[in-house]
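To start, the structure itself, in structure tokens.
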Amino acid sequence: MLSITFQAYPAHFSGTIIVGAFEGNTLSASAQKLDTHLKGALARALKIYAFSGRSQDVCTILAPTAEIDQVIVVGLGKESACTLQELEEIGGRLFSYVRAKEACVLLDAFSTVSMPGIFFAEGALLRSWRFDKYCTKKPIDKMPHLETLCIAVTDVAVAEKEFAPLKQRVQGVFETRALVSEPANVLYPASFATRAEEILSPLGAQVEVFGKEQIEKLGMGALLGVAQGSVREPRVVVLEWNGVATKEAPIAFVGKGLTFDSGGIDLKPQKGMEEMIHDMAGAGAVLGLFKTLALRKAHVHAVGVLGLAENMPSGSAQRPGDIVKTLSGKTAHVLNTDAEGRLVLADALWYACDRFKPRILIDLATLTGAIVSALGAEFAGLFSNDDSLAANLIACGDKIGEKLWRLPMTEKFDKDIDSDVADVKNLGTSGEGGSITAAQFLKRFIKEPVAWAHLDIAGTAWTRKNTALAAKGATGFGVRLLDAFVKEYCEN
Ligand code: BES
Ligand code: MN
Ligand code: ZN
């Protein structure tokens, strides 16, 4: 993992140095100082290279002096448009660009950001994570790459203090990515539950694990139906972080945790089925979030419910046409065994409402392929029964760069999942608005009044190509968003 250090602005220039320039090539104070040291070579190089200073533009000057290996000038765009998010992405892109083990970043305060270096560092750190534990030869070692990034700041103590919560957030993201990346032969409901205990118990969070018999006793017939085709037994994991003295009504997070979704008897096509190891990304994000909350000792009472199961076809598997009894007492007609996420969530959501009576309930799930068609990888789908909760989540997403787009819920869509032989069916009659009917299904298992939001993260939980902040694979979507939401709207 990339190590980030802070130090005072160096008196001497050496090694690999990263500086910034805004559009119009106005060099920052540090860059100007460096330019003077280089007798104007920096400004000349930018001119020769027709460097624009636009965001992400990069110009490298190699070996300008005996001590300096390279100077990398990175475009910061327009000063007024250079947000924290922009700085993170620049840091992330720079991480994969730099060919050096060590580099020093000299970014100066500007009108809207007093310590740009810490956000640059956060981005680089996020981008540096990779899932290579099973590679006996690490692909990254083929090329020199950053191992240490040193950020120059005016006050090291202040910088470290400001960076701490960002780093705790990143640690949560890494935990989520690690879980989401694990193959299904390693991560299955029981091993997921064990990892939850290993990760959270030492941090002082409560972890309760329900095995199959307890789940049966509770009456989670929908979750059990999904799990019954697999030799891997289901688990329900309950997390609790109480960082407030009084026992206030908690905020609850529920995660879909299909450690593998083959589709069941309604088997998925071969192409892309391996991606269904990621179908526990909702549960993974909740776990990562709790890690961050516990690490930073958040002043909040939060509970989490993870519904963990594996969806497999077999002689004991659930059939299309089965009717199951959910924990709520409502019955559900299973018309497609591949619409399993909503069944698992039905019991997890009801459990969370019934036991904890939360004031806010947020679920995360890789729930529908339809959300990928609708919103692609840029937005997660947001569904809510509460306008202000929805607005607050959207605002956090815009700020943090994990964007949400709200979709409607209406009575007509709700009617679409009425069943003739049970209370509800897990597939809409019309076959239209698949992400919405899935959300309507979940809504039937919310005990109102509670402000509820459902995040369909099927398109954002992992990426097929490298992005500014994530290498190809699991993104950890949701952790930073919800940590920001808790901090901004739930802590006192
Ligand atoms: N886990 C899938 C949804 C999914 C699809 C996630 C693609 C990520 C990428 C979910 O369980 C599923 O299979 N949904 C079905 C529902 C359908 C049968 C109503 C789908 O979207 O096709
Ligand atoms: Mn499915
Ligand atoms: Zn699924």
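Taken together, the values in this text are just the output of simple stated rules run on the coordinates, not laboratory data. These numbers come from a predicted model, not from an experiment. All Cβ positions, even for glycine, are placed from backbone atoms using ideal geometry, and neighbour counts span all protein chains on display.
A few comments on the model shown:
- Cα centroid of the range 249-313 to Cα centroid of the range 15-86, whole Å: 43
- Helix 341-356 vs. the chain, principal-axis angle (Cα, 0 to 90°, nearest 10): 90
- Long-range HN-HN contacts of Gly229 with modeled amide H, under 5 Å: Met312, Gln318
- Packing around the peptides 309-321, 226-238, taken as the average count of other Cβ atoms within 10 Å per residue, puts them in this order, highest first: 226-238, 309-321.
- Shape call, the range 132-187: gyration tensor on alpha carbons, a/c limit 1.5: oblate
- Neighbour cut-off at most 16 other Cβ (10 Å), DSSP loop, trypsin sites (Lys or Arg not before Pro), the range 130-226: Lys133, Lys137
- Of Lys212/Lys247; Lys217/Lys487; Lys256/Lys330, those spanning more than 28 Å from alpha-carbon to alpha-carbon: Lys212/Lys247; Lys217/Lys487
- Taking amide H as placed 1.01 Å from N in the peptide plane, the amide H of Val105 sits under 5 Å from that of Ile18, Cys150, Ile151, Ala152, each at least 5 places away or on another chain.
- Taking a ≥ b ≥ c as the square roots of the eigenvalues of the alpha carbon gyration tensor, the chain is prolate, as a/c is not under 1.5 and a/b beats b/c.
- For the range 326-331, putting each phi into the Karplus relation 6.51 cos²θ - 1.76 cosθ + 1.60 with θ = phi - 60° gives couplings of 7, 4, 6, x, 6, 9 Hz, in residue order, rounded to whole numbers and with x for Gly and Pro.
- Taking label points 7 Å from Cα along the Cα-to-Cβ direction, Arg44 and Phe110 give a separation of 2.6 nm.
- Each peptide among 285-292, 181-188 gets the average number of other Cβ atoms lying within 10 Å of its residues, and from highest to lowest they stand as 285-292, 181-188.
- Rg and Dmax of the range 3-154, based on Cα coordinates, read 15.1, 49 Å.
- Cα gyration tensor category, rounded, prolate or oblate, for the range 307-460 with a/c compared to 1.5: prolate
- Each residue of the range 240-245 was assigned a 3J(HN,Hα) from its phi angle through the Karplus expression (A = 6.51, B = -1.76, C = 1.60, θ = phi - 60°), giving 9, 10, 10, x, 10, 5 Hz with x at Gly and Pro.
- Average Cα contact separation per residue, the chain, under 8 Å, 6 or more apart, as relative contact order %: 15
- About its Cα centre, the dipole of the chain is roughly 720 debye, where the only charges are +1 on Lys and Arg Cβ and -1 on Asp and Glu Cβ.
- Long-range HN-HN contacts of Gly15 with modeled amide H, under 5 Å: Ile68, Asp69
- Degrees between helix 116-128 axis and first principal axis of the chain (Cα, 0 to 90, nearest 10): 60
- Computed over the range 3-154: relative contact order in percent, which uses C-alpha pairs under 8 Å that are six or more apart: 32
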